[in-house]
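Asks: Please see the structure below; I have some questions.
Every number in this text was worked out from the coordinates using simple rules, so none of it is lab data. Since the model is a prediction, treat every value here as computed from it, not as a measurement. Here the Cβ positions follow ideal geometry from the backbone for every residue, glycine too, while neighbour counts run over all protein chains shown.
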Amino acid sequence: MFDAIFDVVVVGGGHAGCEAAAAAARCGACTLLLTHRLDTLGEMSCNPAIGGVGKGHLVREVDALDGLMGRAADAAGIHFKLLNRSKGPAVRGPRAQADRKLYRQAVQALLRATEGLSLEADAAEDLVLGDNGRVAGVVTASGRRIGAGAVVITTGTFLRGMIHIGETRIPAGRVGEAPSVGLADTLRRLGLPLARLKTGTPPRLDGRTIDWAALEAQPGDDPPEPLSWMTERITNRQVACALTATTPATHDLIRANLHLTAVYSGRIEGVGPRYCPSIEDKVVRFADRQRHQIFLEPEGLDDDTVYPNGISTSLPEAAQAALIASIPGLGRARIVRPGYAIEYDHVDPRALTPTLEVRAAPGLFLAGQINGTTGYEEAAAQGLMAGLNAVCCAEGAVPDRVLTRSEAYAGVLVDDLVLQGVTEPYRMLTARSEFRLALRADNAGLRLTEKGVAWGVVGAERARAHRTYAATLADALARARAEGGSPVWYLGAGVPINQDGRWRSALDALALPALTADTADRLFPWLRDLPARVRAELEAQALYAPYLERQAAELCVLEREERLAIPAATDFTAIPGLSTEMRHRLTKASPTTLGSAGRVPGVTPAALVALAVHLRRTE
Ligand code: FAD
């Protein structure tokens, strides 16, 4: 009845699909990654960059679980920058601009080297449902029926995708690629709640026609800091970007052509990303601004294409040419591909459990832009988690691979999606995490790698490297807590310190703003011998120790509430003391713990008390 059978079939080879398939295979599942074209595996549909503020945290978390994204970005990176460097380590965002072609090649090489993973070019058109309503496989466009213990769908912007350039409409999943229509119909037939969202991309420029000399150059960091824990150093040649900006003439031109854009003429119904708006949106929403910054980012080492970051647009092509010509340094710049907006179907992620399984279709998992997110990193993090849970499902176990909000940004992301849903494309921001002082990009390994080892998704090489690091850090922390001195001793060494008679450890001292690195080395010479990563972690832990102690109490409350599980069969309409509105909200969101019930929008403290009483009574 099936042409082939796999433990896990992943549909779509974007950032979510690649991580899902690789994670499932790393766990030992016989996995198929089914995607339209093998040469677009690892394609960056929009900007040629990985990471950034909030997003960099996700990349490091994916990496801590032995995912592909960080390693691929390091292999392809041509411009690295640690964003927010002047702020505390908790909100710093590692980012790498990548050579587009090298990135694809790196992802494809990593996938091909993954044991137990098959790659196939075909489109999934339909799902096979078992007698019990479970998803049991996929049907492809070429007519093959492929059986699976679990299916992960990661079709990005392809579900009924429609490109808009001015008044022109082109059915497409991204430029030059056909949309996915059959699968969208299948999801609708399954009764999944679908809605429209939109995103956009700027025109690409020929770098040889840009007046670079007239622009402010933006070099990357030297030395570049890798995104992956496993990368020793970056070997690619590094390139500079340049900075320019829109002008009042640009804004006048946009206003004059607004009626021709898909969004402002009403031809697009989907909502766009608030934190990555089109240049039309920026000009309308911030009408008093005289300029909007544009970063000119080279797309590759042997590619003259330049990505003008900040001017995504769906203006007609002629207006795009005039827009570009109005920008300093771009007077003679040639457009090699026009910008466009794309509208697509997404599934309301409240239809998913925290393991990213579709509640109404057991055995089916969704990850990436299909869940209403935007961004490669958000997609990758979901893909990895969905892949892990698909493996549980294929093994006949109950999927339970979940990261909590206090463990990871990936936990925040999934929790926000499945409880709150989305009204616009969801993008990760550090402000979304209430535990952000604890969730630093640079401590992702300490937070997650051991968990990944227990889940079977982390390979031996990373596990070894992590354990060596963790042991060195533990020794250094123990020593930094045990050694120290009196205020008089510190003062004698030239550290101005409150003479309160209180003994302070080396760890306490490292948090003192007055303590320079040289003085710290003089006071505690062993610090000099620590590997750079261990030293940096020690300093970060010293800096945040007082805050984290205070946060520990909040964490205890959260963990207690998270431990109080709400059984799947709970009938919220039968819980005494809940109003009709609360019953409706809780039924719709189906929270799985008391903690997650508290995060359902509009659920009141009184409703939580009633729910807690009910749960404790029936425990
Ligand atoms: P994708 O990367 O879209 O990958 C989907 C994959 O599924 C593709 O390989 C496709 O071939 C395959 N596929 C689809 N249907 C089927 C099927 N039926 N059978 C087999 N294979 C299938 N993000 C930002 O952060 N900022 C931005 O400004 C931004 N702008 C964007 C502009 C455009 C025009 C586009 C298209 C995307 C933009 N993005 C932006 C989003 C970013 O590209 C996505 O968030 C990210 O790529 C999503 O990853 P994904 O894995 O979910 O899907």
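Asks: So how do 142-151, 25-34 stack up, highest first, on mean other-Cβ count within 10 Å?
Replies: With the highest mean Cβ count within 10 Å placed first, the list reads 25-34, 142-151.
Asks: Give me 469, 275, 307 ranked fewest to most by other Cβ atoms within 10 Å of their Cβ, as a rough exposure proxy.
Replies: Going from least to most buried by this count: 275, 469, 307.
Asks: Sort the stretch 140-181 into rounded, prolate or oblate with this rule: let a ≥ b ≥ c be the square roots of the eigenvalues of the Cα gyration tensor; rounded if a/c is under 1.5, and if a/c is not under 1.5, prolate when a/b is larger than b/c, oblate otherwise. If you can, show how the numbers build up before the last one.
Replies: Details: a/c = 4.54, a/b = 2.48, b/c = 1.83.
Prolate.
Asks: Please report the spacing between the Cα centers of the stretch 246-311 and the stretch 424-472 in Å, no decimals.
Replies: When both Cα centres are located, 35 Å separates them.
Asks: Please report Rg (one decimal) and Dmax (integer) in Å for the Cα set of the stretch 140-290.
Replies: Spelled out, the Cα radius of gyration and Dmax of the stretch 140-290 are 21.2, 59 Å.
Asks: Can I ask one more? Counting pairs of alpha carbon atoms under 8 Å apart in space and at least six apart in sequence, what relative contact order in percent does the chain give? Write down the numbers at each step before the final one.
Replies: Values: 1378 pairs, mean separation 104.5, N = 619.
With pairs under 8 Å counted, the relative contact order is 17 percent.
Asks: Kirkwood Rh over Cα pairs of the stretch 482-549 into Stokes-Einstein at 10 °C, 1.306 mPa s: D in µm²/s? Provide the component values of the computation, followed by the final result.
Replies: Working: Rh = 12.3 Å.
For these conditions, the coefficient is 129 µm²/s.
Asks: At 222 nm, what helix-only mean residue ellipticity would the chain give, in deg cm²/dmol to the nearest 500, using -39500 (n - 2.57) for each DSSP H run of four or more? Let's see the in-between values first.
Replies: Values: 19 runs with 222 residues, N = 619.
After summing the helix terms and dividing by the residues of the chain, the value is -11000 deg cm²/dmol.
Asks: Also, quick follow-up: When the dipole is taken about the Cα centre of the chain, and only Lys, Arg (+1) and Asp, Glu (-1) are charged at their Cβ, what size is it in debye, to the nearest 20?
Replies: Charge dipole of the chain: 800 debye, to the nearest 20.
Asks: Follow-up. For each of 422, 10, 609, count neighbouring Cβ atoms within 10 Å of the residue's Cβ, then give the residues from fewest to most. Provide the component values of the computation, followed by the final result.
Replies: Numbers: 422 19, 10 36, 609 11.
So the ranking, lowest neighbour count to highest, is 609, 422, 10.
Asks: Which residues' amide hydrogens lie under 5 Å from the amide hydrogen of residue 119, considering only partners 5 or more residues apart or on another chain, with H built in the peptide plane?
Replies: 33
Asks: Based only on Cα atoms, what mean projected area does the convex hull of the stretch 403-560 have, in nm²? Can you show the working numbers first?
Replies: Values: hull surface 48.0 nm².
It is 12.0 nm².
Asks: Just the C-alpha atoms of the stretch 355-488: what Rg/Rh do they give, with Rh taken as the Kirkwood radius?
Replies: Values: Rg = 18.2 Å, Rh = 16.9 Å.
Rg/Rh for the stretch 355-488 comes to 1.08.
Asks: Along the principal axes of its C-alpha atoms, what lengths does the stretch 523-619 span, in descending order and rounded to whole Å?
Replies: 66, 25, 21
Asks: Rg/Rh for the stretch 328-411 to two decimals, with Rh computed the Kirkwood way over all alpha-carbon pairs. Walk me through the intermediate numbers first.
Replies: On the way: Rg = 18.0 Å, Rh = 14.9 Å.
Dividing the radius of gyration by the Kirkwood radius yields 1.21.
Asks: Decide, for the stretch 90-159, between rounded, prolate and oblate: order the square roots of the alpha carbon gyration tensor eigenvalues as a ≥ b ≥ c, take rounded if a/c falls under 1.5, and otherwise choose prolate if a/b is larger than b/c, else oblate. Walk me through the numbers before you get to the answer.
Replies: On the way: a/c = 2.38, a/b = 1.90, b/c = 1.25.
Prolate, since a/c reaches 1.5 and a/b exceeds b/c.
Asks: Enumerate the calculated ³J(HN,Hα) couplings along the stretch 221-234 in order (Karplus 6.51 cos²θ - 1.76 cosθ + 1.60, θ = phi - 60°), each rounded to whole Hz, writing x wherever the residue is Gly or Pro.
Replies: 6, 10, x, x, 9, x, 7, 9, 4, 8, 8, 6, 7, 8
Asks: While we're on this one: Based on the Kirkwood radius over alpha-carbon pairs, what value in µm²/s does the Stokes-Einstein equation return for the translational diffusion coefficient of the stretch 1-142 at 20 °C and 1.002 mPa s?
Replies: The estimated diffusion coefficient comes to 132 µm²/s.
Asks: Turning to a different aspect of this structure: What fraction, in whole percent, of alpha-carbon pairs in the stretch 122-212 exceed 19 Å separation? Don't skip to the answer; put the middle values down first.
Replies: Working: 2128 of 4095 pairs.
So the pairs more than 19 Å apart make up 52 percent of the total in the stretch 122-212.
Asks: I've got another one for you. If you take the square roots of the eigenvalues of the alpha-carbon gyration tensor of the stretch 38-92 and sort them as a ≥ b ≥ c, do you get rounded (a/c under 1.5), prolate (a/b over b/c) or oblate?
Replies: Details: a/c = 2.37, a/b = 1.65, b/c = 1.44.
Here the stretch 38-92 falls in the prolate category.
Asks: Share of Cα-Cα pairs in the stretch 544-599 beyond 16 Å, in percent? Don't skip to the answer; put the middle values down first.
Replies: Working: 790 of 1540 pairs.
Result: 51 percent of Cα pairs exceed 16 Å.
Asks: Across bins of 5 angstrom width beginning at 0, how are the C-alpha pair distances of the stretch 453-524 distributed, in whole percent?
Replies: P(r) over the stretch 453-524, rounded to whole percents: 3, 15, 21, 16, 11, 8, 8, 8, 5, 4, 1.
Asks: Dividing the alpha-carbon Rg of the chain by 2.2 N^0.38 Å yields what? Walk me through the intermediate numbers first.
Replies: Working: Rg = 25.6 Å, N = 619, 2.2 N^0.38 = 25.3 Å.
Cα-based Rg divided by the globular estimate yields 1.01.
Asks: For a footprinting-style exposure proxy, rank 286, 158 by other Cβ within 10 Å, fewest first. Mind dumping the intermediate values first?
Replies: On the way: 286 12, 158 27.
So the residues, fewest neighbours to most, are 286, 158.
Asks: Just the number: Rg to Rh for the stretch 513-576, Cα atoms, Kirkwood Rh, two decimals.
Replies: 1.38
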